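Here is the structure we will look at.
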Amino acid sequence: MSTDKYQSPLSERYASKEMQYIFSPDMKYKTWRKLWIALAETEKELGLSQNGKPVITQEQIDELKAHAEDINYEVAKERERLVRHDVMSHVYAYGQQCPKAAGIIHLGATSCYVGDNTDIIVMREALKLVRRKLINVMKELADFAEKYKAQPTLAFTHFQPAQPTTVGKRATLWLQEFSMDLEDLDYVASTLKLLGSKGTTGTQASFLELFDGDQETIDKIDPMIAEKMGFQECYPVSGQTYSRKVDTRVVNVLAGIAASAHKMSNDIRLLQHLKEVEEPFEKNQIGSSAMAYKRNPMRCERIASLSRFVMVDALNPAITSATQWFERTLDDSANKRLSIPEGFLAIDGILDLCLNVVDGLVVYPKVIEKRLRSELPFMATENIMMDAVKRGGNRQELHERIRELSMEAGQNVKDKGLENNLLELIAADPAFGMSLEDLQKCMDPARYVGRSVEQVDAFLNKVIRPILDANNDILGIKAEINV
């Protein structure tokens, strides 16, 4: 490892090897060569000729294919120092390996033919990896929700105690947001198209020249290239580049996943503060350099940190898209080289962290029950009041009395540091005609979770399990956290 220059933490600490390869020079330049082969094959198959002789021969195609993988990087690098143009440097390097085909490489194309088509191909591959990991996060959350669907816990609104829910029902809230992200991802991925080969301003003028104005033949170029590269179609119109709004749509999907992960990680951090739920904590892990007893939620904090980066990163392609001039400007290039790969590398790290956290979440039912029971008397007051009315009490009078006793019990807890004694206060009040034993029968937490269990079952069975069943072949990913 080099220690004398900056290295991106996205590659050194967070992103997987799989995602790093997708955005590697190897992936990029091998895709360029595949695109040059697809273009040459298309031109040959469409009968490109000069004076009745084919311009491109099978021998040239075979030569290009023979060197599709063994890129001579040093030749390309040396050439780029001279000509200051990356595409033409690689055209030159490829031509050095393929002397018979050197004259027909990149024929009729502009730089964006390889650059932009490769960007689309790379983003599609990266979305496939994101999708696999997202679905695996959903599987882990579904298992967690199923396991704890009937575990009552105190719910919060405004982070103030509210009606109880269950641990599993809360997890379905996280899971539903991820399922919405999957819907967005699948839609955007299904609409990705190649740029095709449309020339310097998108008019295909060069192909009019090559094919002697044969419109019917020229119409076949883009569909044939798309098919060879595994796409159904190309964008019907373009300038020199595909619309940069495509990048905006893709990174917005990543930002949506980041927002969902951030929300889940925040909830887990708050629950870890309450000692109800904890993220995994390894045997030799150090929580604090000063306070040896600490168990900090560092994985969830990292999820939140990286998620903020991705959400803010979504502004980059949006602004780039909005500020493109006419058919092409180059102020997108440097930004795209950063914002697109880094957005994907970060979301890859986020999903690995989510997998790791959810797979190892620790639940503490005793702590959960203790906190819930400390608040439950307040939440049971309506049931208590109804039971007292059945025994002959006046609803309005009892309501006022419960209000007064609740205030007294609250003050005992807050001012005096005592346990919640609301039940004892009610039992001592003759207006209710109920013993402490009668009141304690109302304290079963399961009575107050509403339809939480049924909602978890319905959501998992109707929404999530069909998704998991349809994607069973990509389940089983386990994430390794570098640090």
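Brief remarks on what is shown
- Taking residues in the range 219-242 that are on the phi > 0 side of the Ramachandran plot, and partners anywhere that are at pLDDT 95 or above, the pairs with Cβ atoms closer than 9 Å and at least 6 places apart or on different chains are 230/121; 230/124.
- The range 190-212 residues that are touching a residue at least 40 places away in the same chain (Cβ under 8 Å), paired with ones that are of a type in the set (D, E, K, R) (beta carbon under 7 Å, 6 or more apart): 192/124; 193/233; 195/116; 196/222; 197/222; 201/327; 202/327
- The range 62-90 residues that are closer than 15 Å to residue 35 by Cβ, paired with ones that are among the hydrophobic types (A, V, I, L, M, F, W, C) and not in a helix (DSSP H, G or I) (beta carbon under 6 Å, 6 or more apart): 64/98; 64/101; 67/98
- Matching option when the condition is at pLDDT 90 or above and under 47 Å from the mean Cα position of the chain (by Cα), among 483, 413, 449: 449
- In the range 110-147, the qualifying residues are those that are surrounded by 23 or more Cβ atoms within 10 Å (Cβ to Cβ) and small (Gly, Ala, Ser), and the one that is nearest to the chain's Cα centre (by Cα) is 126.
- Restricting the range 157-176 to residues that are assigned to a helix (DSSP H, G or I) and in contact with a Lys or Arg (Cβ under 9 Å, 6 or more places away or on another chain) leaves a set whose member that is surrounded by the fewest Cβ atoms within 10 Å (Cβ to Cβ) is 173.
- Considered as a group, the residues in the range 63-86 that are hydrophobic (A, V, I, L, M, F, W, C) and in a helix (DSSP H, G or I) include one that is surrounded by the most Cβ atoms within 10 Å (Cβ to Cβ), and that residue is 64.
- Residue within the range 148-156 that is assigned by TED's automatic domain parsing to the domain that holds residue 258, of a type in the set (S, T, N, Q), touching a Ser or Thr at 6+ places or on another chain (Cβ under 9 Å) and surrounded by fewer than 19 Cβ atoms within 10 Å (Cβ to Cβ) present: no
- Residue count for the range 312-346 satisfying the condition of being in contact with a Lys or Arg (Cβ under 9 Å, 6 or more places away or on another chain) and part of a helix (DSSP H, G or I): 7.
- Restricting attention to the range 442-474, the residues that are free of Cβ contacts under 8 Å to residues at least 12 places away in the same chain and either closer than 17 Å to residue 420 by Cβ or crowded, with 17+ Cβ neighbours inside 10 Å (or both) add up to 1.
- Within the range 208-248, the residues that satisfy the criterion of being under 22 Å from residue 330 (Cβ atoms), in a helix (DSSP H, G or I) and either out of contact with any Ser or Thr (no Cβ under 8 Å at 6 or more places or on another chain) or not basic (Lys, Arg) (or both) are 246, 247, 248.
- The range 201-227, residues that are surrounded by 15 or more Cβ atoms within 10 Å (Cβ to Cβ) and within 30 Å of residue 467 (Cα to Cα): 226
- In the range 411-432, residue surrounded by the most Cβ atoms within 10 Å (Cβ to Cβ) [restricted to those that are in a helix (DSSP H, G or I) and touching a Phe, Trp or Tyr at 6+ places or on another chain (Cβ under 8 Å)]: 426
- Taking the criterion of being among the hydroxyl-bearing types (Ser, Thr, Tyr) and within 19 Å of residue 307 (Cβ to Cβ), the only residue of the range 323-382 that qualifies is 339.
- Here residue 479 fits the description: closer than 30 Å to residue 13 by Cα, out of contact with any Pro (no Cβ under 8 Å at 6 or more places or on another chain) and surrounded by 15 or more Cβ atoms within 10 Å (Cβ to Cβ).
- Hits in the range 183-200 (condition: assigned to a helix (DSSP H, G or I) and either within 16 Å of the chain's Cα centre (by Cα) or surrounded by 16 or more Cβ atoms within 10 Å (Cβ to Cβ) (or both)): 183, 184, 185, 186, 187, 188, 189
- Residue count for the range 18-46, restricted to those that are over 26 Å from the mean Cα position of the chain (by Cα), surrounded by fewer than 18 Cβ atoms within 10 Å (Cβ to Cβ) and either within 22 Å of residue 127 (Cα to Cα) or in the same structural domain as residue 352 (by TED's automatic domain parsing) (or both): 1
- Every test in (1) touching an Asp or Glu at 6+ places or on another chain (Cβ under 7 Å); (2) crowded, with 20+ Cβ neighbours inside 10 Å; (3) assigned to a helix (DSSP H, G or I) is passed by residue 89 save one, and that test is (2).
- The set of residues in the range 364-377 being farther than 12 Å from residue 439 by Cα and assigned to a helix (DSSP H, G or I) consists of 365, 366, 367, 368, 369, 370, 371, 372, 373, 374, 375.
- As for the range 121-135, it holds no residue that is within 30 Å of residue 215 (Cα to Cα), in the same structural domain as residue 338 (by TED's automatic domain parsing) and small (Gly, Ala, Ser).
- Inter-residue pairs, beta-carbon under 7 Å, first within 14 Å of residue 350 (Cα to Cα) and in the range 9-25, second aromatic (Phe, Trp, Tyr) and in a helix (DSSP H, G or I), 6+ apart: 19/344
The values are calculated or read from the model by the stated rules, or taken from the named source; none is laboratory data. Keep in mind that this is a model prediction, so the values were computed, not measured. Positions of Cβ are backbone-derived with ideal geometry, glycine not excepted, and every protein chain shown enters the neighbour counts.
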